[in-house]
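*Asks:* Dumping the structure here so I can ask a few things about it.
The values are calculated or read from the model by the stated rules, or taken from the named source; none is laboratory data. Only a predicted model underlies this, so the values are computations on that prediction, with no experimental measurement involved. Here the Cβ is made from the backbone with ideal geometry for all residues, glycine too, and neighbour counts use every protein chain on show.
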C-alpha cells in the first residue's frame, strides 16, 4: 500500500519508494471548475451512469508489473485486472478466491507438507477483455513477466522460485524456501495481476519491453472494467464497464463509467464534493471532513487504515545507538496530544508493529506512554543526565508531520533534549539517507508506512530485518540489527502451524518495542466523503480509501 503510496527503484521516484509506506503525494493539478475528462465536462451518454471518484496518491504507472501506488492500484488496477485471490473486509482483511477456484490448504492438497509448493486450481470460462482464456499459462506468463521486468514491485515475488502451468486450469508455485505468508502475499493487488499474453505480445516493441509501454495507458486484463483512457498530464483516467465481464452482471443498476481524478488542492476536493461534481472523494482533510459531515446530501466516512505514522531513529549513530536513549525518546512523546490534538482524533495509538486490521496482529508487551520522568531517568541511565542534542527532519510526507515534530520539540525540552526540527525536500533527503552508509545518513525523520499485503510478517521483516536495510528498497531505514530478530523472522517464515507462527510473531513484536528502534505514533484513519446518491459502497481495510467496489455499486436518481 501498499499503504498507500508508490514504491519502486527509480531514482526520480525515490520519495515514492519510501512512499509506498509513506504516501508522498505527487504534485497536484490546478483547481478545476467542473469534473473534466480531457478538458471536456464529464457527461454520461444517454442511459449511462457515470461516477466521479477523486483519488489520492497520483498513479505513476498503470502497468501492473510496475504499479505500486494506491491511486492507480486500488482505484484502477483492482477493477481492470483480476488476480488469483483478493482481500475483502472492512475491519480486518479476509482472503477470497477470484480467478482461483478455492484457497489452497494442506487439507485439500493445495499446500505441500514441506510448505514448498502451492497448487492453485482455476475457475473455468474466465476470459480477458480480448476474449482469450485466463488459464494457467496466462498466470505463469504474468508472474514470469513481473519478475523479468524488475520494475520494483517484483520484490514481492522474491519467494517464488518457479511458476508452473501444470495443465490448463492448474498452476503451481514452487517456493525457494517455506514462506508462511505466501497466500496472503499473492492476495494483494500489487505484483499479482493476471495479464493477457495475447494483448501483451501483440503490443510489445521488443523482448525487453514485454508490452510495458503499451500497458502504461492501456489494459490487458479481465476485470469488470476496461481502461478507456488515461491522461497523466490531466491526472485523469476513465474506466468503462465491460458488458461481457466473465462474472456477469445482474439486472440491477450499475456504474457504467468511472472517471478518476487526482487532485491535490484540498479546497477543490471539498468544493467538488459539495457541488456534486464528484461522488466520492478519498482525501478529505480533518477540517473539511468535519464541515461536510453536517451537510445534507453528503455522508462523511471514517475508517481505520493500514497506514501508520512513525519517527525513524538512526540506530547506528550516537546517541541513538543506545537503546536506553531510544526508549527515553519513546516515553517523551505525547501520543494523546498528537492523536487527539494535531490529528483531531482521527487515529489510534499503535501498540504493535502493525495495526489491528492486519492478520497476525497482537499488542507488544511494552507500552510506551507519555512519561517525562521515566524518560529523564532512562537518559540518566544511558549517561546523559544533562540531556542531549537531536536533529529530526520533516519531509512533508503527510499533512501534519512538521506539527508533530514541533510538538515533540516541546515534549523533549522537558527532559533536557534540544530537538532541532529541520524541513527538507523528500527526494533530496532520501537520496542521501538511503545510500547504505548509516554514518552518512540523517539521524532521523518523521514519515508513515503501510503494508503491501495484510500479514504482520511483512512489516516486521521489512522494518526490522537486516536484509531490508538501505540500499534495499524498503524499509529498515533506521538501520536496526539484532540476531535475535533474524532468528524470529526465520521461524515465522518456516512455521506451518498457525499457533507456532503466532507465537513467533509475538516474540518479534515484543522485541521490536523493547529495542525501541523507532517511535510508533498512530494508525491513520481514512476520511472520505460520499454523495448520498452513491449506493453499494463498501470500505476495504486492505486497499483503503482509494478503493471502491464499483462493480457492486450504482447511483440513485
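*Asks:* In segment 428-449, what count of residues is obtained for those that are in a loop (DSSP other than H, G, I, E, B), crowded, with 16+ Cβ neighbours inside 10 Å and modelled with pLDDT under 90?
*Replies:* Counting residues in segment 428-449 that are in a loop (DSSP other than H, G, I, E, B), crowded, with 16+ Cβ neighbours inside 10 Å and modelled with pLDDT under 90 gives 1.
*Asks:* Take segment 99-110 and flag every residue that is over 15 Å from residue 82 (Cα atoms) and buried (at least 20 other Cβ atoms within 10 Å of the Cβ).
*Replies:* 104 - this is the single residue of segment 99-110 that is over 15 Å from residue 82 (Cα atoms) and buried (at least 20 other Cβ atoms within 10 Å of the Cβ).
*Asks:* Now for a separate question. Given 542, 485, which one is in a loop (DSSP other than H, G, I, E, B) and surrounded by 20 or more Cβ atoms within 10 Å (Cβ to Cβ)?
*Replies:* 542
*Asks:* Just to be sure, is residue 477 in contact with a strand residue (DSSP E or B) (Cβ under 7 Å, 6 or more places away or on another chain), in the same structural domain as residue 502 (by TED's automatic domain parsing) and assigned to a loop (DSSP other than H, G, I, E, B)?
*Replies:* Yes.
The rows are residues; the columns are (1) within 22 Å of residue 341 (Cα to Cα); (2) crowded, with 20+ Cβ neighbours inside 10 Å.
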{"position": "244", "(1), (2)": "no, no"}
{"position": "272", "(1), (2)": "no, yes"}
{"position": "278", "(1), (2)": "no, yes"}
{"position": "290", "(1), (2)": "yes, no"}
{"position": "301", "(1), (2)": "yes, no"}
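*Asks:* Within segment 303-327, which residues are in contact with a helix residue (DSSP H, G or I) (Cβ under 8 Å, 6 or more places away or on another chain) and buried (at least 17 other Cβ atoms within 10 Å of the Cβ)?
*Replies:* If the condition is that a residue be in contact with a helix residue (DSSP H, G or I) (Cβ under 8 Å, 6 or more places away or on another chain) and buried (at least 17 other Cβ atoms within 10 Å of the Cβ), then 309, 311, 313, 315, 319, 320, 324, 325, 326, 327 are the ones that fit.
*Asks:* Moving on. If I go through segment 462-474 residue by residue, how many of them are more than 11 Å from residue 509 (Cα to Cα) and not in a loop (DSSP other than H, G, I, E, B)?
*Replies:* Selection size over segment 462-474: 5.
*Asks:* What number of residues in segment 128-155 are within 22 Å of residue 247 (Cβ to Cβ) and either surrounded by 18 or more Cβ atoms within 10 Å (Cβ to Cβ) or touching a strand residue (DSSP E or B) at 6+ places or on another chain (Cβ under 6 Å) (or both)? Working first, answer last.
*Replies:* Applying the first criterion (within 22 Å of residue 247 (Cβ to Cβ)) to segment 128-155 yields 128-139, 141-142.
Now drop any that are not either surrounded by 18 or more Cβ atoms within 10 Å (Cβ to Cβ) or touching a strand residue (DSSP E or B) at 6+ places or on another chain (Cβ under 6 Å) (or both), which leaves 128-129, 133-139, 141-142.
Residues in segment 128-155 being within 22 Å of residue 247 (Cβ to Cβ) and either surrounded by 18 or more Cβ atoms within 10 Å (Cβ to Cβ) or touching a strand residue (DSSP E or B) at 6+ places or on another chain (Cβ under 6 Å) (or both): 11 in total.
*Asks:* Moving on to the next point. For residue 130, work out the one condition from (1) in a loop (DSSP other than H, G, I, E, B); (2) at pLDDT 95 or above; (3) out of contact with any helix residue (DSSP H, G or I) (no Cβ under 6 Å at 6 or more places or on another chain) it doesn't fulfil.
*Replies:* Here residue 130 meets the rest and fails (3).
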